[in-house]
Amino acid sequence: MGAHSLRLTLSKLRSELRYPVEFLWLIGLVIFLPLFEAPKNLCWLGYLLTWLYNRYRAREWGGPWDRWDSLIALWIASGFLVAAFAGIRHDEWSGAKDVLRYGSVLWLIRRSRYDERALLWIWGTVLVSTLIALFWGYWRVYAAKTHGTLELHSVGHVNHSAVYMAIVLGLTLGVSIAYWSRVRLGGRAALCISVAALIVSVFVTESRAAAGAVVLFVVVLAVAFGARGRVHACKGALVALLGIVIVFAAESSVLDKTIDRTERGLVFSFRDKIWSNALVEWRRFPWFGVGMGNFGRVSLEQLQEWNVTQNWSVRASAEGVNSHAHSLYMTALAERGSIGLGVLMVVLFVSGYALLRGVPHAQDPPRDWALFGGALAGWLITVTVGLVNTTLHDEHGILSVLLVGLWLSHRVAGARADRVSPQP
């Protein structure tokens, strides 16, 4: 009976969608994002090609060209510009394709105004695929004992997995609070269990930055609800914050790690050394950097040689040799130079400013609040965790721009409708 109902729901969804094959490719991308590498890339390519084919046939591209299109195009182009003028040659073109991948997702999603049913499918798939990957991660740590840290299979390193889970937690919390009054008892229980599992898992990773970003997100979300007079929703966010505090008290590994690193004089876990190496690379190639993906390709001997003729207190060190700079901003500075970092900062600033101006009104439907909550999670966690980890990369980069793009698509469409609507 359950399988029959699911088939009927899928059939109804396909009949309501204008481009069902395109949407199925998107759902496939969301499913495989935290699970498997090759299917994820295949689904991205399938979504890109079917989207372009459908819009070409319909001669409808989601509205006229605007400033967001120019900004996204500049962002994608900056990756290839940096690759063309990179200081060293190795992985720079692969790095440029990474920007193309998540830049194109943002571009296409922003021009695809999916209806509420489709949005619920996307949000639900994000959550379910993450929970599956999370269960797999726990099995590998505690049952198979093949891994020492909790990781999502396709996302990889524990810090990157923590970032991905933090974004999904923010999305799930935002959607749950927005739709709480419309969800039945069983659905509420499932959402509460999912949120709790994600909160605990973020703390299990012992990622101090991700845990802190989750707390900050909940506070900002509560303030947004409160500022718009949605008292009940604000209370829901505060309850979630209380739950995080309880988990923090029960799962003290993050606090223990912080105390241990502080006592050993390793508050930044050698990140200060890594950032020094990043500054040496940037100083050698200040405009376009060493090339995306090439941070770890520079040997210590080469770094020291670049530093010989420079009268600067920053010095290269063996402790700072790493595959990336453990910071979105320092990695971008070293790999993309001042030009690449400048473009990235403009993208982040414009997105944040749009979110600040785009807080929904109290009377707006749950859909708008859920879209806002998801976009806020993608942007805020990327920006804050990016101070000490390389966010906006691969899986969590795609997830972030997906959520921001969904919000922008409805915000831009609403603004256009307001401009063309007749005045009373």
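The values are calculated or read from the model by the stated rules, or taken from the named source; none is laboratory data. Values in this document were obtained by computation on a predicted structure and should not be read as measured data. Ideal geometry is used to build each Cβ from the backbone, glycine not excepted, and the neighbour counts take in all protein chains shown. Side chains included, ligands, DNA and RNA excluded: accessible areas come from the protein's heavy atoms. Shrake-Rupley method; radii C 1.70, N 1.55, O 1.52, S 1.80 Å.
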Checklist line | Separation in nanometres of the label points that stand 7 Å from Cα toward Cβ, at R315 and D364 | finding: 5.3
Margin query: Give me the extension gain from F349 to L387: residue separation times 0.36 nm, minus the current Cα-Cα distance, reported in nm with one decimal.
Written below: 12.2 nm
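Given a 1.4 angstrom probe, I'd like the percentage of the accessible area of the chain that is carbon and sulfur, rounded to a whole number.
Ligands and nucleic acids excluded, carbon and sulfur reach 65 percent.
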Check: H361 accessible area, nearest 10 Å², 1.4 Å probe?
Finding: 90
Item checked: Expected 222 nm ellipticity per residue - DSSP helices of 4 or more, -39500 (n - 2.57), all of the chain, to 500 -> -24500 deg cm²/dmol
Check: Pulled fully out, how much extra length does the chain show between E60 and V128, if you take 0.36 nm times their separation in residues and subtract their Cα-Cα distance?
Finding: 21.2 nm
Notebook entry, point to check: If one takes the longest principal axis of the Cα atoms in the chain, at what angle in degrees, from 0 to 90 and to the nearest 10, does the Cα axis of helix 67-84 lie?
Noted result: 30
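How much net charge surrounds N322 when only other residues with a Cβ under 15 Å from its Cβ are counted (Lys, Arg +1; Asp, Glu -1)?
Taking every Cβ under 15 Å from that of N322, the sum is -2.
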Checklist line | Angle between the chain longest axis and helix 394-420 axis [Cα atoms, degrees, rounded to 10] | finding: 50
Checklist line | For the chain, accessible area per residue (1.4 Å probe, heavy atoms of protein chains only), Å² | finding: 46
Next item on the list: Evaluate E = 1/(1 + (r/R0)^6) for V239 and D69, where r is the Cβ-Cβ distance and R0 equals 35 Å; express this FRET efficiency to the nearest 0.05.
Entry: 0.30
Next item on the list: Give the total of Lys-Lys pairs in the chain with Cα-Cα distances below 30 Å; include a pair only if its members are 8 or more places apart or on different chains.
Entry: 6
Note to self: Which residue, I244, I109, P64, has the largest displacement toward the positive end of the dipole of the chain when charges sit on each Cβ (Lys, Arg +1; Asp, Glu -1)?
What the structure shows: P64
Item checked: Simple spin-label estimate for I339 and A84 in nanometres, 7 Å along Cα-Cβ -> 0.8
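Let me make sure I get this right: for region 10-105, a, b and c are the square roots of the gyration tensor eigenvalues over alpha carbons, sorted descending. Under 1.5 in a/c it's rounded, otherwise prolate if a/b > b/c, else oblate. Which is it?
oblate
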Notebook entry, point to check: Which whole-Hz ³J(HN,Hα) couplings does region 144-161 yield from phi under the Karplus relation 6.51 cos²θ - 1.76 cosθ + 1.60, θ = phi - 60°, glycine and proline marked x?
Noted result: 6, 6, 9, 9, x, 10, 6, 9, 8, 3, 7, 6, x, 2, 4, 5, 5, 5
Margin query: Below 8 Å, C-alpha to C-alpha, sequence gap of six or more: please give me the relative contact order for the chain in percent.
Written below: 22
Item checked: FRET efficiency for A190 and L356, using Cβ-Cβ distance with R0 set to 35 Å, rounded to 0.05 -> 0.60
Check: What does the charge count near G28 come to, summing +1 for each Lys or Arg and -1 for each Asp or Glu among other residues with Cβ under 13 Å from its Cβ?
Finding: 0
Note to self: Between helix 253-263 and the chain, what is the angle of the helix's C-alpha long axis to the longest principal axis, kept within 0 to 90° and rounded to the nearest 10?
What the structure shows: 20
